[in-house]
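Derivation of every value follows stated rules applied to the coordinates shown; laboratory data play no part. Just so it is clear, the structure is predicted and the values come from calculations on it, not from any experiment. Here the Cβ is made from the backbone with ideal geometry for all residues, glycine too, and neighbour counts use every protein chain on show.
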């Protein structure tokens, strides 16, 4: 099965600086890579995703890059703000059928943005 | 759109009792629903996958007789924690997926708000 490793487990940055979270996956069949943000006691919220036919995707201050050959993908947050403080999870999934595709989550990164 | 509700949001029960948690997709039909468990400061651990009208598929190490899952319709799945014990205390989150042909075409999973279970 798929195995997703995520680093670092905690990340403290100064407001305005950039934050980078890296994930690696093991199953070459994985082709969809979502990133979730989870605030304390709340549900995970999808913030950005990327498919395997794209190398990079950007949405305002958030960007994700994917290197299929190396089986790693990264989340980049620029100009960090205190409200970016949360736990971020990467995930990988092989979209090989219409339904029932299981997400495999990374271990999470606790991001703290210091004002 | 793409709203998933979960009920109750918080439950406290005595050891030995059973607790039922409901997961509903409010504005789309979920061909598949997933149940996760999350301990404090840890990642989401998939417990089982349920498809409407069929038996749930449990992940390795998850006791199917303890965690009963019923996916009775395309908008409702229930998780029953039977004979709950303090070690079952956790945050339980469901997600619903419309499948590749569904809501967003991306096979995205939409998460419920979670249920915090505390077993005394």
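The table below lists the values:
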| item | result |
| --- | --- |
| Peptide A:37-44 - average C-beta neighbours from other chains (10 Å radius) | 5 |
| Compactness of region A:44-115 - radius of gyration and Dmax, Cα, Å | 13.5, 45 |
| Contact order relative to length of chain A, as percent, for alpha carbon pairs under 8 angstrom and 6 or more apart | 37 |
| Along principal axes, Cα extents of region A:1-50, largest first, whole Å | 37, 21, 18 |
| Average other protein chain Cβ within 10 Å of Cβ, residues B:108-115 | 4 |
| For the protein assembly as shown, convex hull of alpha carbons as volume per residue, Å³ | 120 |
| Evaluated over region A:1-92, the Cα radius of gyration and Dmax, each in Å | 12.9, 38 |
| Listed peptides B:7-15, B:35-43 by packing density, highest first (mean Cβ within 10 Å) | B:35-43, B:7-15 |
| Antiparallel bridge percentage (DSSP; both residues within chain A; nearest 5) | 90 |
| Percent antiparallel among DSSP beta bridges (both partners in chain B, rounded to 5) | 90 |
| Listed residues B:83, B:95, B:25, most fluctuating in chain B (Gaussian network, C-alpha, under 10 Å) | B:83 |
| Spherically averaged projected area of region B:1-93 from its Cα convex hull (nm²) | 6.1 |
